[in-house]
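Peer 1: Once you've had a glance at the structure underneath, I'll fire off some questions.
The values are calculated or read from the model by the stated rules, or taken from the named source; none is laboratory data. Note that the structure is predicted; figures quoted are calculated from it, not measured. Here the Cβ positions follow ideal geometry from the backbone for every residue, glycine too, while neighbour counts run over all protein chains shown.
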Amino acid sequence: AQSVTQLDSQVPVFEEAPVELRCNYSSSVSVYLFWYVQYPNQGLQLLLKYLSGSTLVKGINGFEAEFNKSQTSFHLRKPSVHISDTAEYFCAVSERKRNAGNNRKLIWGLGTSLAVNP
Amino acid sequence: NAGVTQTPKFRILKIGQSMTLQCTQDMNHNYMYWYRQDPGMGLKLIYYSVGAGITDKGEVPNGYNVSRSTTEDFPLRLELAAPSQTSVYFCASSPLNTEAFFGQGTRLTVV
């Protein structure tokens with residue numbers, strides 16, 4: 001069965017410092033991978049996604065993530081964070097099956113709370 | 001485009017009351033989902049639908065019901081509200097098994 005593990009529940013960091021939010025997954029088949037961001041009192045919005053092709057994926061707001069198939073990881077990085085990046089970040093995976101039928105569901109990690117301090 | 005619209009944004013229910021959380025999307029997506037989000041627990045899938053007339057249970061369906069009579073609408077029904085259903089509820093839609101688009105959420109308190 002699929003699962004997603006976000007290794008850090010909270011990440012405090014100072015403004016302009018680099019940050020990495022870690023995500024590992026388990027699956028017996030190929031997957032699609034996603035990072036979402038949730039700002040306080042809002043819904044989730046897509047930061048970036050890996051569907052195929054280059055393993056380095058760039059998203060909005062200067063974030064990027066690298067798909068590592070051998071380590072089953074999809075870590076999110078930003079070289080210099082801003083106060084406005086303070087939010088909850090969720091990693092998600094869905095199976096890459098041609099005939100998934102009713103099994104087209106996203107599996108979610110528990111989230112990582114990023115707190116950017118001045 | 002409005003995207004995914006949820007109503008109401010906030011609601012307080014008494015134990016035993018019923019209510020329907022509305023969700024509509026204007027992107028012609030086949031897939032729609034209802035999640036609940038509790039602090040530190042991530043997103044839990046309640047119900048989902050792969051198209052009009054087709055619904056299926058997620059991880060935590062007890063105490064909820066859904067219907068999908070049209071592609072656009074996917075209401076979530078709570079029949080007998082319980083304190084354990086106090087949560088933030090999110091509706092989402094997706095075209096295939098790629099990214100989901102979320103509504104702004106409904107914050108429900110059962111007292």
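The rows are residues; the columns are (1) more than 15 Å from the chain's Cα centre (by Cα); (2) facing chain B (nearest Cβ under 10 Å); (3) modelled with pLDDT of 95 or more.
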position: A:PRO12; (1), (2), (3): yes, no, yes
position: A:TYR36; (1), (2), (3): no, yes, yes
position: A:THR55; (1), (2), (3): no, no, no
position: A:GLU66; (1), (2), (3): no, no, yes
position: A:THR72; (1), (2), (3): no, no, no
position: A:ARG77; (1), (2), (3): no, no, yes
position: A:HIS82; (1), (2), (3): yes, no, yes
position: A:GLY101; (1), (2), (3): yes, yes, no
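Peer 1: Kindly provide the set of residues from the range A:1-19 that are small (Gly, Ala, Ser) and within 10 Å of A:VAL81 (Cβ to Cβ), ordered by number.
Peer 2: Residue satisfying the conditions is A:ALA17 alone.
Peer 1: Please state which one of B:TYR48, B:TYR31, B:TYR35 is within 18 Å of A:PRO40 (Cα to Cα) and either out of contact with any Ser or Thr (no Cβ under 9 Å at 6 or more places or on another chain) or crowded, with 21+ Cβ neighbours inside 10 Å (or both).
Peer 2: Selected residue: B:TYR35, the only one of B:TYR48, B:TYR31, B:TYR35 that is within 18 Å of A:PRO40 (Cα to Cα) and either out of contact with any Ser or Thr (no Cβ under 9 Å at 6 or more places or on another chain) or crowded, with 21+ Cβ neighbours inside 10 Å (or both).
To keep it simple, each residue is scored yes or no on (1) within 23 Å of B:GLU59 (Cβ to Cβ); (2) away from chain B (no Cβ under 11 Å).
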| site | (1), (2) |
| --- | --- |
| A:GLU16 | no, yes |
| A:SER28 | yes, yes |
| A:TYR32 | yes, no |
| A:GLN45 | yes, no |
| A:LYS49 | yes, no |
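For every residue, the table says whether it meets (1) of a type outside the set (A, V, I, L, M, F, W, C); (2) in a strand (DSSP E or B); (3) away from chain A (no Cβ under 14 Å).
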{"position": "B:TRP34", "(1), (2), (3)": "no, yes, no"}
{"position": "B:PRO39", "(1), (2), (3)": "yes, no, no"}
{"position": "B:SER69", "(1), (2), (3)": "yes, no, yes"}
{"position": "B:CYS91", "(1), (2), (3)": "no, yes, no"}
{"position": "B:ARG107", "(1), (2), (3)": "yes, yes, no"}
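Peer 1: Hey, another quick one. Inspect the range B:13-20 for any residue being within 14 Å of chain A (Cβ to nearest Cβ) and at pLDDT 95 or above and give the result as yes or no.
Peer 2: no
Peer 1: In the range B:68-111, what residues are free of Cβ contacts under 8 Å to residues at least 40 places away in the same chain and out of contact with any strand residue (DSSP E or B) (no Cβ under 7 Å at 6 or more places or on another chain)?
Peer 2: B:SER69, B:THR70, B:SER84 - these are the residues of the range B:68-111 that are free of Cβ contacts under 8 Å to residues at least 40 places away in the same chain and out of contact with any strand residue (DSSP E or B) (no Cβ under 7 Å at 6 or more places or on another chain).
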